[in-house]
1. Tell me which of these residue 60 doesn't satisfy, since it passes every other one: (1) at pLDDT 95 or above; (2) over 24 Å from the mean Cα position of the chain (by Cα); (3) in a helix (DSSP H, G or I).
2. Go through segment 118-137 and report how many residues are over 18 Å from residue 164 (Cβ atoms), assigned to a loop (DSSP other than H, G, I, E, B) and under 28 Å from the mean Cα position of the chain (by Cα).
3. Filter segment 11-27 for residues that are under 15 Å from residue 97 (Cα atoms) and assigned to a loop (DSSP other than H, G, I, E, B) and give the result.
4. I need a count of the residues in segment 310-325 that are more than 19 Å from residue 281 (Cβ to Cβ) and surrounded by 14 or more Cβ atoms within 10 Å (Cβ to Cβ).
5. Can you tell me which residue among 128, 211, 162, 158 is more than 24 Å from residue 270 (Cα to Cα), of a type in the set (Gly, Ala, Ser) and touching a Gly at 6+ places or on another chain (Cβ under 6 Å)?
Amino acid sequence: MADEIFYEYTGKKTVAEIATITDAQIVTEGRDLEIVENVCSIESAGREDVCFFYDKKNKELAKSIRAKACITTEELKHLIPDGVIVLVAGNPKYSFIKLVEAFYKEHKHRENIEDSAKIAKSAKIGKGCYIGHNVVIEDDVVIGENTTIEANTFIGRGCKIGSGCRIANNVSITYCLMGNNCYIYNGARIGQDGFGFLVVEGQHKRIPQIGRVIIGNDVEVGANTCIDRGALDDTIIGNGCKMDNLVQVAHNDKIGNCCILVAQTGIAGSCKFGNYVVCGGQTGFADHLNIGDGAQIGAQSGVMRDIEPGAIVMGTPTVPIKDFMRQVAFLQKNSKK
């Protein structure tokens with residue numbers, strides 16, 4: 001059960017209401033109007049709660065279900081204990097998202113500009129926005145409607161942020177054009193200088209970085225993630241990308257649509273990603289690489305060459321996943337001799 005101090009509880013629901021919310025079919029007859037108080041995990045769900053069960057690899061877990069109702073799959077419904085109301089959904093994971101959102105709402109800021117915010121006269125703030133304490137918004141910034149900018153955030157000169165965005169606490173955004181419905185988490189840094197230097201007479205001379213960061217719609221940028229602006233060309237983040245915490249995207253990188261970058265992924269400059277690329281945690285990329293559509297890179301991999309579309313790779317340097325597993329098996333077998 002979520003803590004109501006942090007989340008707004010919307011109230012009890014009938015089994016029939018839950019079925020509608022989750023696009024599920026009620027298998028157990030005659031109990032449609034029974035009341036469910038909450039949505040919980042299998043481990044914590046009690047006699048008045050609903051839980052989810054869709055783990056094929058841990059079927060024994062079904063025996064521990066003590067909830068009033070359980071949403072599961074057609075394949076696993078026979079494992080649910082007697083007495084538990086069974087609902088079957090085509091995609092229980094998605095049903096879980098919808099039901100949690102139905103039971104709980106995040107507390108949202110109402111339209112307001114706090115007195116301590118510093119907003120340039122030339123900045124344009126859309127209707128329905130919240131601008132938090134100590135926010136600084138410089139000249140010629142444009143903020144779309146219904147966007148929230150939380151405390152201590154800095155929006156640099158000329159930036160454009162779309163509608164329905166949430167910019168969390170202590171974020172800095174400069175040299176950036178951002179689309180709609182983006183969520184930038186606490187402490188993220190967007191638009192700072194790319195890491196570019198040239199050795200001149202024995203000293204490292206900074207190379208000017210005069211590009212921008214272009215962020216599409218429905219993008220999430222995790223806490224303390226950094227996205228550098230381009231040197232000449234722009235750094236581009238495609239629509240629907242999701243970045244975890246502590247990710248580094250360097251100057252001139254082009255990240256396609258709907259890519260997933262898990263924590264501590266580091267991408268050197270001028271890389272080009274296709275669409276739907278997935279990077280496991282702590283993956284690292286050399287510069288000027290091309291990563292094809294749908295490629296998957298396993299955690300802690302070091303990518304030093306281009307990756308073909310759809311390839312699944314792992315290791316340092318990366319190799320096809322089956323080759324990596326064979327290498328591991330070989331080392332384990334021979335290390336015992």
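The values are calculated or read from the model by the stated rules, or taken from the named source; none is laboratory data. Since the structure is predicted, the reported quantities are computational estimates derived from the model, not experimental observations. Glycine also receives a Cβ, built like all others from the backbone with ideal geometry; neighbour counts cover every protein chain displayed.
1. Condition not satisfied by residue 60: (1).
2. 2
3. Residue satisfying the conditions is 23 alone.
4. Counting residues in segment 310-325 that are more than 19 Å from residue 281 (Cβ to Cβ) and surrounded by 14 or more Cβ atoms within 10 Å (Cβ to Cβ) gives 1.
5. Exactly one residue qualifies, and that residue is 162.
Listed here are the residues, each with its yes/no results for (1) more than 26 Å from residue 258 (Cα to Cα); (2) modelled with pLDDT of 95 or more; (3) not polar (S, T, N, Q).
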site: 112; (1), (2), (3): yes, yes, no
site: 121; (1), (2), (3): yes, yes, yes
site: 140; (1), (2), (3): yes, yes, yes
site: 145; (1), (2), (3): no, yes, yes
site: 149; (1), (2), (3): no, yes, yes
site: 183; (1), (2), (3): no, yes, yes
site: 187; (1), (2), (3): no, yes, yes
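Residue by residue, here is whether (1) over 30 Å from residue 212 (Cβ atoms); (2) outside any loop (DSSP other than H, G, I, E, B); (3) not assigned by TED's automatic domain parsing to the domain that holds residue 232 holds:
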position: 263; (1), (2), (3): no, no, no
position: 269; (1), (2), (3): no, no, no
position: 288; (1), (2), (3): no, no, no
position: 294; (1), (2), (3): no, no, no
position: 310; (1), (2), (3): yes, no, no
position: 313; (1), (2), (3): yes, yes, no
position: 317; (1), (2), (3): yes, no, no
position: 329; (1), (2), (3): yes, yes, yes
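Here is a yes/no grid of residues against (1) hydrophobic (A, V, I, L, M, F, W, C); (2) under 21 Å from residue 294 (Cα atoms); (3) more than 22 Å from the chain's Cα centre (by Cα):
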{"site": "185", "(1), (2), (3)": "no, no, no"}
{"site": "190", "(1), (2), (3)": "yes, no, no"}
{"site": "218", "(1), (2), (3)": "no, yes, no"}
{"site": "221", "(1), (2), (3)": "yes, yes, no"}
{"site": "224", "(1), (2), (3)": "no, no, no"}
